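The values are calculated or read from the model by the stated rules, or taken from the named source; none is laboratory data. Because the structure is a prediction, the values reported are computed rather than measured. With ideal geometry, Cβ positions are generated from the backbone for all residues, glycine too; neighbour counts draw on all protein chains shown. The protein model used for the area step is the full one, side chains on, heavy atoms only, and it has no ligands, DNA or RNA in it. Shrake-Rupley method; radii C 1.70, N 1.55, O 1.52, S 1.80 Å.
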Amino acid sequence: MRKQILSLLLAVFVMAGAAFAQGGQRQTPEERITATMEKMAALNLTAEQQVSTKKIMTEFFEAQQKSMEDMRASGTMDRDAMMAKRKELSDARDGKLKLIFNGDQMKKWIDEVEPSLRPQRRQGQGQGGN
C-alpha cells in the first residue's frame, strides 16, 4: 500500500513538472504591464512618470500583441519580419520613454530593466549545435 501511494505521488509530481515545463499560457498585455511596472521600481519614477510610462507600455504591448496576431492570421510567420517589427515597436517605445525619463533613469532602463523583459530561451532552444 505504501509503495502504491509513493508511486502515485511520484507520478503526480512528474506530470506537474511536465506541465510547467511546457511554458504555460502567454501573458496578457495587462499582466505584462503589471510585471514591467514592478521591475521599473528601480527607476524611482515620480507619480507623473509612472502614469506616462504605464500609458507608453500599454500602447507598446497592445501593438506588439496585435502585430503577432496579424502575423499569425496571415499565416506568414517570417522570423525576420517579426524581429524587424519588434525592433520598430521597441525603438518607438524607447523614444517616448526618453522624453519622460531623466538620464540616470534611461540608463537604468537600457542596462537593467529592458533586458530583463526580453523572453529568455530555455537552454537548448534555438541553438544550432553544441
Label model pair residue 26, residue 38: point-to-point distance (7 angstrom along the Cα→beta-carbon line) in nm is 2.1 nm
Tell me which aspartates and glutamates have Cα within less than 15 Å of residue 96's Cα, excluding those fewer than 8 residues away on the same chain? 48, 59, 88, 114
Please tell me which of these pairs span more than 19 angstrom C-alpha to C-alpha: 66/107; 54/98; 85/108; 55/98? 66/107; 85/108
Per-residue SASA entry for residue 37, accessible area with 1.4 Å probe, Å² rounded to 10: 40 Å²
Ranking request for peptides 66-73, 103-110: highest mean number of other beta-carbon atoms within 10 Å first, then the rest in descending order. 103-110, 66-73
Using a Förster radius of 41 Å, what is the FRET efficiency between residue 102 and residue 70 based on their Cβ-Cβ separation? Nearest 0.05, please. 0.70
